[in-house]
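Here the structure comes first, spelled out in structure tokens, and everything after it is commentary.
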Amino acid sequence: MNEDIRQIIAAHGRLSVDVAGLAPDADLYHAGMTSHASVNVMLALEDHFDIEFPDRMLKRSVFESISAIERALTELRTETPVS
Amino acid sequence: MAMRVGIDLVSVDSVRESIREHGDRYLKRIYTEGELSDCHTPQGIVAERLAARFAAKEATLKVLRPVDEGIPWRTIEVVRQGAGWVEVELSGRAADLAAEGGLSDFALSISHEADYASAIVIAELDLRDQRSDPMMSS
């Protein structure tokens with residue numbers, strides 16, 4: 001999952017640094033991701049993992065690092081297991 | 001009288017990417033029907049106008065200052081007035097947050113060029129009406 005997240009961030013996050021070199025807990029906003037770019041990341045994650053982020057997760061902390069995104073995806077996939 | 005201000009800048013190209021890659025799912029997730037109507041022309045949707053509205057939503061969030069709480073984008077709506085200026089209208093949790101924080105009389109200005117759109121939001125802050133203030137809830 002971690003590598004998939006990195007690829008999506010690389011494609012949509014508009015970071016000013018190489019995603020491959022980012023630590024899992026590195027702040028993506030400090031790395032150049034804007035609020036609007038995080039929307040593109042969110043939508044791409046939804047497409048890729050076949051999930052939908054609920055309103056309660058539409059906040060900065062959910063998308064602030066690769067680890068945070070991974071935690072949110074794990075939570076969502078646990079709530080709605082793929083049949 | 002205290003004021004609070006928020007400002008935001010959005011890349012129009014990022015909005016174009018969203019429209020191209022996510023289409024209606026992006027548009028209907030972020031913008032209200034009224035906003036989408038205001039951004040449509042006979043030539044199609046105008047990404048610059050959408051970018052300005054997204055900037056307005058983010059600038060409003062900077063005024064509301066939610067604490068680790070998700071605020072749906074559609075609860076912050078840019079409403080175009082007849083003469084061409086715009087206002088921001090809050091609903092749902094965004095409106096609740098404004099009331100709890102003693103914020104009122106929101107004023108909005110937006111601007112855009114080909115590459116970037118920006119917005120600035122100013123609201124009046126009544127320090128006596130901050131319902132979430134722990135000093136006021138005892």
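Overview of results
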item	result
All positions within the range A:4-14 that are hydrophobic (A, V, I, L, M, F, W, C) and more than 13 Å from chain B (Cβ to nearest Cβ)	A:I5, A:I9, A:A10
Subset tally (residues that are among the charged types (D, E, K, R), under 14 Å from the mean Cα position of the chain (by Cα) and away from every other protein chain (no Cβ under 11 Å)) for the range B:22-38	1
Search result, residues across the range B:36-65 that are out of contact with any strand residue (DSSP E or B) (no Cβ under 6 Å at 6 or more places or on another chain), surrounded by 15 or more Cβ atoms within 10 Å (Cβ to Cβ) and farther than 24 Å from A:I9 by Cα	B:L36, B:I45, B:V46, B:R49, B:L64
Unique match (being within 23 Å of B:L61 (Cα to Cα), buried (at least 20 other Cβ atoms within 10 Å of the Cβ) and touching a residue at least 40 places away in the same chain (Cβ under 8 Å)) among A:I69, A:I5	A:I69
Residue that is surrounded by the fewest Cβ atoms within 10 Å (Cβ to Cβ), among those in the range B:1-20 that are assigned to a strand (DSSP E or B) and more than 10 Å from chain A (Cβ to nearest Cβ)	B:A2
Candidate set: the range A:15-40, residues that are in a loop (DSSP other than H, G, I, E, B), away from every other protein chain (no Cβ under 11 Å) and of a type in the set (A, V, I, L, M, F, W, C); chosen: the one nearest to B:V67 (Cα to Cα)	A:L28
Yes/no for A:D27 being over 9 Å from the mean Cα position of the chain (by Cα), more than 23 Å from B:A119 (Cα to Cα) and at pLDDT 95 or above	yes
Residue list for the range A:41-56, filter: surrounded by 16 or more Cβ atoms within 10 Å (Cβ to Cβ), within 11 Å of another protein chain (Cβ to nearest Cβ) and either in contact with an Asp or Glu (Cβ under 9 Å, 6 or more places away or on another chain) or of a type in the set (G, A, S) (or both)	A:L43, A:A44, A:E46, A:F53
Of residues in the range A:57-70 being in a loop (DSSP other than H, G, I, E, B) and within 11 Å of another protein chain (Cβ to nearest Cβ), the one nearest to B:H22 (Cα to Cα)	A:L58
Residue match in the range A:74-82 (condition: away from chain B (no Cβ under 14 Å), among the acidic types (D, E) and within 25 Å of B:L61 (Cβ to Cβ))	no
Residue satisfying all of: in the range B:74-85; modelled with pLDDT of 95 or more and not acidic (D, E); surrounded by the fewest Cβ atoms within 10 Å (Cβ to Cβ) among these	B:V79
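The values are calculated or read from the model by the stated rules, or taken from the named source; none is laboratory data. This one's a predicted model, so the numbers in the text were calculated from it and none came from an experiment. When we count neighbours, we look across all protein chains shown, and the Cβ atoms used for this are built from the backbone with ideal geometry, even at glycine.
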